[in-house]
Amino acid sequence: QIRETDYLERMQACGQQLRDGLDRQARAAGFELRQTGPAQMPQILFADDPEFRLGYAWAAECLKHGAYFHPYHNMFLCAAHTPKDIERGLQASEQAFAALRRL
């Protein structure tokens with residue numbers, strides 16, 4: 001599979017889709033994210049959130065809307081993830097950013 005497919009390129013593209021979408025959403029909601037790690041292993045942190053309070057609140061809200069994001073650790077995309085999966089995660093995160101703005 002490794003030799004015969006473009007799994008890595010697809011994982012990287014999905015990771016970049018996720019990063020770009022989260023960055024747009026965060027900025028629109030008035031938050032700043034720090035994203036590190038390879039695109040297919042993103043770590044998503046809120047700037048100025050040393051105790052991860054925003055991160056935990058955001059991750060909990062994402063979960064309420066059907067997507068699991070870790071509040072402070074790298075996450076791992078896999079070859080099974082599709083752009084549609086990423087879009088579903090971004091729909092959940094959009095709801096989560098809206099909830100954070102109301103806090």
>> Leaving ligands and nucleic acids out of the surface, order LEU54, LEU22, LEU33, LEU63 by accessible area at 1.4 Å, largest first.
In response: LEU63, LEU54, LEU33, LEU22
> How high is the relative contact order of the chain, in percent, counting Cα pairs under 8 Å that sit 6 or more residues apart?
Replying inline: 31
> Under the Karplus relation 6.51 cos²θ - 1.76 cosθ + 1.60, θ = phi - 60°, what is the ordered set of whole-Hz ³J(HN,Hα) values for the stretch 65-71, x standing for Gly and Pro?
Replying inline: 9, x, 10, 9, 10, 7, x
>> How much length would be gained if the chain were fully extended between GLU9 and LEU63, taking 0.36 nm per residue of separation minus their Cα-Cα distance, in nm to one decimal?
In response: 16.7 nm
>> Over the stretch 36-79, what is the relative contact order in percent, taking alpha-carbon pairs closer than 8 angstrom and at least six residues apart?
In response: 46
>> Students often get this wrong, so try it: which of (i) 13.6, 41; (ii) 15.3, 53; (iii) 13.7, 48 is Rg and Dmax of the Cα atoms in Å as calculated from the structure shown?
In response: (iii)
> Between THR36, PHE52, ILE2, whose Cα lies farthest towards the positive end of the dipole of the chain when Lys and Arg beta carbons carry +1 and Asp and Glu beta carbons carry -1, centred on the Cα centre?
Replying inline: PHE52
> Got a sec? Which residues in the stretch 41-74 would a label at ARG27 touch, if it sits 7 Å along Cα→Cβ and we count backbone N under 19 Å?
Replying inline: 43-48
>> In Å², and per residue, what accessible area does the stretch 1-67 have when probed at 1.4 Å with the other protein chains present?
In response: 62
> On the accessible surface of the stretch 38-103, probed at 1.4 Å, how many percent belong to carbon and sulfur atoms?
Replying inline: 56
> To the nearest 0.05, what FRET efficiency results for ILE2 and ASP48 with a Förster distance of 41 Å applied to their C-beta separation?
Replying inline: 0.50
>> Suppose the chain between ALA98 and THR82 were pulled fully straight at 0.36 nm per residue; how much longer would it get relative to their current alpha carbon spacing?
In response: 3.3 nm
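The values are calculated or read from the model by the stated rules, or taken from the named source; none is laboratory data. The model shown is predicted, which means the values in this text are computed figures rather than measured ones. Neighbour counts are summed over all protein chains in view; Cβ atoms, including those assigned to glycine, are modelled from backbone coordinates with ideal geometry. With ligands, DNA and RNA removed, areas are computed over all heavy atoms of the protein, side chains included. Shrake-Rupley method; radii C 1.70, N 1.55, O 1.52, S 1.80 Å.
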